[in-house]
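Below is one structure; the comments refer to it alone.
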């Protein structure tokens, strides 16, 4: 880092000199135009104009040798990378059905639409304006959906309802849509200096939302795993364990919701510590019940152990979200004293 003094030139213009070594490295001479990016977080980025011209929002990619799975994965990767226009071509003169996997995956990517489709190429365009996106509201919605499917999965397992479990599995696309959209804007912010300003948040805050998003996807993954267990096990859980498992599942979800409120709902540092305490307590109770169930030698007993493992993972996700909330409040200077129990 170098420190330079602001100079007043001509009575009305503030100037700061550029390091000569940096200017030489990037072939800057007197009169060479540069781009300035002032940001809401107080930073000012100077970038050579050549770099600006190299910024890529469009990509053309031949995909003739790719399988359907690889094709779908490629579209998701290019969407996450932040491209606004994606052109895929296949010179093999395949049938239009060649693009079916692309059309299917596009339906699950918020803002991406098919603008052109022929036998040899397909064009995808992002129609969502970043200025219309609220990362916070998207994360709040993601938390609601993740906790909702988690609750439904537990209920399906406890009731031995395979049909309800299947419905839980069908909602995974809804979670993926939200998570991929948040990840897209996070990835764009790493290379596009203006993305942060269009979103109306600073980089540390966006990183925190990205972190919480990944943990909420972990909660949803636990719900998906519980639902799959419910589909395979057609026995109801023993009456003695049903009430306790229901209680533990409620407490794990409450841990996640409490932790999420620190960043998503305006909660304070005390709330984050409450979530950590709740995590520790429910993990201890889960471990105690697992010890009791070790002696049960039935299909439902074995399945219950796996479900409790999912609840343990869910509680840890809540704890990780709480830690993100602590970092966020510390960054904002909202510290407090607390005697830990």
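Every number here is computed from the coordinates shown, using simple stated rules; none is lab data. Bear in mind the structure is a predicted one, so any value in this text is a computation, not a measurement. We place every Cβ from the backbone using ideal geometry, glycine too, and count neighbours over all the protein chains shown.
Using Cα-Cα distances under 8 Å and only pairs 6 or more residues apart, what relative contact order does the chain have, in percent?
Working: 459 pairs, mean separation 49.8, N = 341.
Averaging sequence separation for qualifying contacts and normalising by length gives 15 percent for the chain.
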**Request:** Describe numerically, in nm with one decimal, the distance between label points set 7 Å from Cα along Cα→Cβ at residue 291 and at residue 21.
**Result:** 6.1
**Message:** Contact order normalised by length for region 132-331, with contacts defined as Cα pairs under 8 Å and 6 or more residues apart; what percent is it?
**Reply:** 29
**Fill in**
Across 13, 271, 191, the residue with the highest GNM fluctuation in the chain (Cα network, 10 Å cutoff) is 13
**Asked** With the chain treated as a Gaussian network of Cα nodes joined by springs under 10 Å, which of 33, 19, 62 yields the largest mean-square fluctuation?
**Response** 19
**Item:** C-alpha long axis of helix 203-232 to longest principal axis of the chain, angle in °
**Value:** 30
**Prompt:** Extension gain residue 166-residue 214, at 0.36 nm per residue separation less the Cα-Cα distance, in nm?
**Reply:** 14.9 nm
**Request:** Measure off 7 Å from each Cα along the Cα-to-Cβ vector at residue 73 and residue 191, then give the distance between these two points in nanometres to one decimal.
**Result:** 2.0
**Request:** In a Gaussian network model over the chain where Cα atoms closer than 10 Å are linked, find which of 117, 195, 208 has the largest mean-square fluctuation.
**Result:** 117
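Where does each of 138, 89 land when they are ranked from fewest to most other beta-carbon atoms within 10 angstrom?
Details: 138 19, 89 15.
The most exposed by this proxy come first: 89, 138.
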**Fill in**
Taking only the alpha-carbon positions of region 116-242 as identical scatterers, the Debye log10 I(q)/I(0) at q = 0.11, 0.22 Å⁻¹ comes out as -0.52, -1.11
**Message:** 7 Å from Cα along Cα→Cβ at both residue 85 and residue 247: what's the point-to-point distance in nm?
**Reply:** 6.1
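Just subtract the alpha-carbon distance of residue 8 and residue 121 from 0.36 nm times their residue separation and send over the number in nm, one decimal. Kindly include the intermediate steps, with their values, before the conclusion.
Numbers: separation 113, 0.36 × 113 = 40.68 nm, distance 5.58 nm.
Result: 35.1 nm gained on full extension.
Want the number for residue 100 to residue 313: 0.36 nm per residue separation, take away the alpha-carbon distance, what's left?
On the way: separation 213, 0.36 × 213 = 76.68 nm, distance 3.62 nm.
My answer for the length gained is 73.1 nm.
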**Amide N proximity, region 103-135 versus residue 37 label position 7 Å along Cα-to-Cβ, cut-off under 19 Å** = 129-133, 135
**Message:** From the helices alone, meaning DSSP H stretches of at least four residues, give me the mean residue ellipticity at 222 nm for the chain, per-run term -39500 (n - 2.57), in deg cm²/dmol to the nearest 500.
**Reply:** -20000 deg cm²/dmol
**Request:** Could you give me the percent of Cα pairs per 20 Å distance bin for the chain, shortest bin first, beginning at zero and ending with the bin that holds the maximum distance?
**Result:** 25, 44, 27, 5, 0
